[in-house]
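Scroll down for the structure; my scribbles are underneath it.
Any read-out appearing in this document is the output of simple, stated calculations on the displayed coordinates, not a laboratory observation. What you see is a predicted model, and the numbers here were worked out from it, not measured in a lab. Cβ placement follows ideal geometry from the backbone for every residue including glycine, while neighbour counts extend to all protein chains displayed.
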Amino acid sequence: MPRGAKILMLILLGVLAAGAIYLRVLTRRMAVQPPEPGEEVARTRLSEAALQAAAGPSQTATLYFPSYEQGALVAEKRTVTWAESDTDRIRQVLLAQIEGSHQGASRALPSTASIRAVFLAADGTVYLDFSSQTLSDIKPGIASECLAVYAIVDSLATNIPAVKRVKILVEGREVDTLDGHADLSDFFVPDLSPISPPS
Amino acid sequence: MPSSRTALRPRRPLLLLAPAILVGLLILFWPAQALRSDNFIVYMPSTRSVIPLEVIDQVKYLPLVPVLNAVGKVGAIQERRDTFKVWFGEVQIELRLGDRRVRVGASRLILAQPVRKPGGQWLVPVEFLTRALPELTHDTIEYQVGMNRIFVGDVKPISLSVRLDPTTNGARLTVQFSEKVAIRTAASNGKWYLFLGNRPVQPLEPSYHFQDPYVSGLQFDDQDGIPKLIVTPAAAGLNFYPTLAEGGRILLADVLKPPPPPPAQAPGGESLPAPAAGPSPAPGVTPVAPESPGGATGPALPVIVLDAAHGAEEIGARGRDGILEKDLVAHLVARVRLSLLATRKYRVLLTRVGDANPPFQQREVAANMVRPAAFLSFHAGNLGITTPRVVVYSYRPSSEAGAEEAAKGPQLFVPWAEVYRSHLERSRALAEALQQKFALIPGVTADKPAVAPVRALRSIDAPSVAIEVGSLTTDEDSGALTNANFQQQISNAIAAGIEAFRGGTS
């Protein structure tokens with residue numbers, strides 16, 4: 001074999017080897033891409049409650065949604081077939097909040113909301129554990145964060161008498177704020193006029 | 001033959017030159033690599049560890065084993081070419097080279113950057129500390145993004161704020177500490193060093209730059225594990241006179257032209273030993289003051305604290321046109337500051353300077369230490385479709401859980417989470433006064449004062465309000481809010497509102 005052909009063969013072998021190594025790196029990169037947390041996560045968790053709902057009574061529920069223009073909450077009636085347990089009913093209310101208003105009011109929870117856990121304590125305290133993705137999709141601001149939190153709290157307390165107060169956790173931990181505004185360090189008790197000054 | 005020898009001769013120097021250039025380049029760059037001194041400090045309640053930091057593709061990396069040794073004890077290690085397993089107590093940590101997934105015990109973390117192994121050492125991005133250490137140590141972690149230090153467990157770092165005031169023949173540097181510090185001074189290479197003792201320190205800003213003929217900068221440094229401030233004079237031959245006041249909570253340092261005038265020792269002042277290669281001690285103490293209008297002296301003016309929300313990676317709300325809340329409120333605060341200083345009735349303290357995001361606790365410490373006449377926190381967010389719009393909030397708790405404790409009367413420790421209670425009425429009066437002035441601005445919708453659990457106001461020991469301008473959302477352009485005329489009118493209204501709140505007196 002001529003000397004030039006040998007050199008060419010060596011170069012080609014080198015290129016092939018480099019390509020194989022690069023392919024391996026690319027494959028590994030593709031393998032480590034995290035799954036995108038999506039709406040389905042929340043839907044899957046919450047629809048479990050919805051599936052169990054047929055066992056309970058069918059009633060008119062009052063849900064609250066934020067109205068940023070009015071700086072207040074607006075009530076919306078909806079027929080709900082309740083689940084048996086209070087914890088499942090809490091999930092149903094959250095599912096309705098994720099579904100959004102039927103009358104054009106703003107959202108309290110984004111459609112991508114993911115509820116990691118719900119726990120109702122004996123003293124009436126509900127612990128809601130949201131994913132960090134849920135909170136990052138809530139529109140920031142003092143009014144918007146406070147109205148979003150109270151829309152959830154008031155919707156739960158109005159429809160489920162066992163709920164006395166709500167504690168919001170993120171990824172299983174206490175947090176200072178939603179996005180730098182609403183103070184989440186304490187419990188939230190229901191208030192239908194959350195940001196109105198006391199008369 | 002002689003002709004072929006002649007043809008080969010010129011190649012020899014070339015063959016020698018190539019290795020010589022290579023060796024020269026190695027000599028040139030080798031020390032630069034070896035002398036890199038970036039370190040990361042891990043502060044524990046009783047110890048601190050200095051860990052060398054590697055920056056790869058602009059990402060900060062730390063060697064895993066030294067980090068684990070800094071916070072506990074590493075057990076067995078199992079290393080293969082592409083995988084690394086290490087036991088920390090009962091927990092097994094598993095890394096894979098070039099992989100962003102890290103297994104910590106039963107959980108799997110996905111880091112933003114992959115694990116690296118340059119020079120045979122397994123490196124993890126700094127993010128690993130905040131994600132994995134709480135699980136490994138079961139302790140709280142305090143880490144400010146971008147900083148080269150982390151506090152693990154029950155470590156309460158001292159915070160500090162800095163300001164520089166002109167004096168008749170020099171400048172006065174005032175450093176306020178959140179707790180008493182012991183300071184040792186030294187001078188080296190034309191700079192003054194202030195060693196801050198053994199306590200961990202977390203400054204609001206890593207460095208300060210001044211447009212001043214006497215002091216050009218102040219830098220915090222703890223790269224060797226010893227917290228210190230480095231003062232850089234703007235010219236040679238200046239004298240430096242440090243003094244401690246208020247029992248070690250305040251450092252007053254005069255930078256003066258030589259020869260120094262004979263200063264008077266103020267009561268309560270505590271002289272510090274002068275830097276070895278610096279001037280002789282000649283302490284002079286005056287009451288510490290935040291930024292005064294035009295450096296005016298005389299009776300102490302009331303302090304107004306302006307708090308621009310968010311900063312750094314915490315951007316807050318975002319407009320459709322890309323305007324960020326952190327930038328919008330920083331601009332607004334700059335205008336309000338000038339409007340307040342122009343009245344010559346107030347001093348102004350800012351809780352953040354530049355694009356930093358001090359945690360709430362640091363902002364509260366900075367504000368409460370100056371006992372302000374008013375605290376104003378600035379925000380922008382979603383206020384519906386009407387714009388421009390302004391709402392003033394005073395604090396209202398989300399529950400009355402702390403009311404019983406507060407009702408018990410004086411307590412051993414200050415209940416900072418409940419401190420707002422003693423200022424509720426005054427805060428609402430301040431909100432009312434500001435809203436009345438905002439309502440006078442043509443074209444601006446000023447809502448009635450509102451109440452809300454605004455985190456920024458909870459632990460402020462003064463009348464405090466949050467001012468939210470809107471709407472800043474991804475559905476709207478923010479042109480109305482960035483308008484200079486709008487911002488100036490808001491600033492003037494705030495100055496007038498504070499004047500009205502204080503009853504027309506300073």
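So what's the net charge close to B:V454: Lys and Arg +1, Asp and Glu -1, counting the other residues with Cβ under 11 Å from its Cβ? Spell out each step's value before the answer.
Numbers: positive: B:R396, B:R455, B:R458; negative: A:E145, A:D183, B:D307, B:E468.
Its environment carries a net charge of -1.
Compute the length gained on full extension between B:E135 and B:I315: take 0.36 nm times their separation in residues and subtract their Cα-Cα distance, giving the result in nm to one decimal. Don't jump to the answer; show the numbers that get you there.
Values: separation 180, 0.36 × 180 = 64.80 nm, distance 2.77 nm.
Roughly 62.0 nm would be gained on extension.
Once you list every other residue whose beta carbon is under 11 Å from the beta carbon of B:K326, what net charge do they have if Lys and Arg are +1 and Asp and Glu are -1?
Numbers: positive: B:R318, B:R352; negative: B:E313, B:E314, B:E325, B:D327, B:D355.
Taking every other residue near B:K326 into account, the sum is -3.
Which ³J(HN,Hα) values in Hz, rounded to whole numbers, follow from the phi angles of segment B:163-177 under the Karplus curve 6.51 cos²θ - 1.76 cosθ + 1.60, where θ = phi - 60° and Gly and Pro get x?
Karplus values, whole Hz, x for Gly and Pro: 8, 10, 10, x, 10, 4, 10, x, 9, 10, 9, 10, 10, 9, 9.
Please compute the length gained on full extension between B:V55 and B:H209, using 0.36 nm multiplied by the number of residues separating them and subtracting their Cα-Cα distance.
Length gained between B:V55 and B:H209: 52.9 nm.
Say each of B:A234 and A:I7 gets a label point 7 Å from the Cα, pointing the same way as Cα to Cβ; how far apart are those two points in nm?
For B:A234 paired with A:I7, the spin-label model returns 6.5 nm.
Excluding B:P200 itself, calculate the net charge of residues whose Cβ lies under 9 Å from the Cβ of B:P200, where each Lys or Arg counts +1 and each Asp or Glu counts -1. Can you show the working numbers first?
Details: positive: B:R48, B:R149, B:K156, B:R199; negative: B:D222.
Around B:P200, the charge tally is +3.
If you take the beta carbon distance between B:V23 and B:D355 as r and set R0 to 45 Å, what does 1/(1 + (r/R0)^6) give as a FRET efficiency, to the nearest 0.05?
On the way: r = 44 Å, r/R0 = 0.99.
The computed FRET efficiency comes out at 0.50.
Over all residues in B:460-471, what is the mean tally of Cβ atoms on other chains that come within 10 Å of each residue's Cβ?
Details: counts 0, 0, 0, 0, 0, 0, 2, 1, 5, 1, 5, 6.
That works out to 2 on average.
Under 5 Å between amide hydrogens, which residues at least 5 positions from A:L169 or on another chain qualify, with H placed 1.01 Å from N in the peptide plane?
A:L128, A:D129, A:F130
Which ordering of A:Y127, A:Y22, A:Y68, B:Y393 is given by a fewest-first count of other beta-carbon atoms within 10 Å? If you can, show how the numbers build up before the last one.
Details: A:Y127 15, A:Y22 10, A:Y68 24, B:Y393 30.
So the ranking, lowest neighbour count to highest, is A:Y22, A:Y127, A:Y68, B:Y393.
Round to a whole angstrom and tell me the spacing of the C-alpha centers of segment B:358-400 and segment B:121-145.
31
At what distance in nm do the modelled label points of B:W87 and A:Y22 sit from each other, each positioned 7 Å from its Cα along Cα→Cβ?
Each label point lies 7 Å from its Cα, and together they span 4.3 nm.
Classify segment B:160-271 from the C-alpha gyration tensor, please: rounded if a/c falls under 1.5, else prolate or oblate depending on whether a/b exceeds b/c.
oblate
Grab the beta carbon distance between B:T386 and B:S422, set R0 = 45 Å, and tell me the FRET efficiency rounded to 0.05. It would help to have the intermediate numbers written out before the result.
Details: r = 35 Å, r/R0 = 0.77.
Result of the calculation: an efficiency of 0.80.
What does the C-alpha gyration tensor say about the overall shape of segment A:39-170? Classify as rounded when a/c is under 1.5, otherwise prolate if a/b is larger than b/c, or oblate. It would help to have the intermediate numbers written out before the result.
Numbers: a/c = 1.42, a/b = 1.27, b/c = 1.12.
In terms of gyration-tensor shape, rounded.
Could you tell me which of rounded, prolate or oblate describes segment A:113-166, using a ≥ b ≥ c as the square roots of the eigenvalues of the alpha-carbon gyration tensor, with rounded for a/c under 1.5 and, failing that, prolate when a/b is larger than b/c and oblate otherwise?
On the way: a/c = 2.79, a/b = 1.48, b/c = 1.89.
Taking the square roots of the gyration eigenvalues as a ≥ b ≥ c, segment A:113-166 is oblate.
In segment B:293-501, what % of DSSP beta bridges are antiparallel (nearest 5)? Please list the in-between numbers first.
Details: 7 of 28 bridges.
If we restrict to bridges inside segment B:293-501, about 25 percent are antiparallel.
So what are the ³J(HN,Hα) numbers for segment A:131-147, from phi and the Karplus equation (6.51, -1.76, 1.60; θ = phi - 60°), rounded to whole Hz, Gly and Pro as x?
7, 5, 4, 4, 6, 5, 9, 7, 5, x, x, 5, 5, 5, 5, 5, 5
Per residue of B:311-317, how many C-beta atoms from partner chains lie within 10 Å of its own C-beta, taken as a mean? Display every interim value, and only then the final one.
Working: counts 1, 0, 0, 4, 3, 5, 7.
For this peptide, the per-residue mean of nearby foreign Cβ atoms is 3.
Which whole-Hz couplings ³J(HN,Hα) result when phi for each residue of segment B:329-339 is put into the Karplus expression 6.51 cos²θ - 1.76 cosθ + 1.60, θ = phi - 60°, listed in order with x for Gly and Pro?
Listing the rounded values in order: 6, 5, 5, 5, 4, 4, 6, 4, 4, 5, 5 Hz.
Hey, rough spin-label estimate for A:S132 and B:D221, points 7 angstrom out along Cα→Cβ, what's it come to in nanometres?
So the two model labels end up 3.3 nm from each other.
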